Each structure stands twice: as C-alpha cells, then as structure tokens.
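In what follows, a single structure is set out as structure tokens and then discussed.
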Amino acid sequence: MGVLRFLATILCGPMIVIGVVWILQGINLLPGSFMTGDIKWAVAGVALGGAGLALAVWVNRRRGR
C-alpha cells in the first residue's frame, strides 16, 4: 500500500499547482491565456485544487489499528 500512497501524493502536487494557476488566470491576476478573466476557470481551479488537497490529506492520514 506504500507505493499507492506515494503515487497519490506525487499526483497531488501538480493538481494543486494547476488549480492555483487556473484560479489566478480566472480572476485575471495571471494574464496571457484564453482562460484569463473567465471566472469558470477560477471555479474549475478551486475544484481541482480542492480535490488535490483532499486526496493528499486522505492518503497521508494515519490509520489506527
């Protein structure tokens, strides 16, 4: 199970970073793309970043035995 936890943790980083970029582009703080100023990208960024953060917390929590 350690390998799956490691792979999921590795996947969480890019999910959070991409989510933040989408948020910044959606709220027009990071210009230079077709996503700039389009609020639906900010919403999608919140969803992706939140999913990445939730996955990171879920796979790395301690299991009581």
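Quick note: the coordinates plus some simple rules give every number you see, no bench work behind them. Please read these numbers as outputs of a predicted model, since none were measured by experiment. Virtual Cβ from ideal backbone geometry, glycine too; neighbours counted across all protein chains shown.
Any idea what angle helix 39-60 forms with the longest principal axis of the chain, computed on alpha-carbon atoms, 0 to 90 degrees, nearest 10? Once rounded, the angle reads 10 degrees. Between the helical axis of 2-26 and the longest alpha-carbon principal axis of the chain there is an angle of about 20 degrees. Take 29-36, 52-59 and order them by the average number of nearby Cβ atoms within 10 Å per residue, most first; the result is 52-59, 29-36. For the chain, the orientation-averaged shadow of the C-alpha convex hull comes to 4.7 nm² (one quarter of the hull surface).
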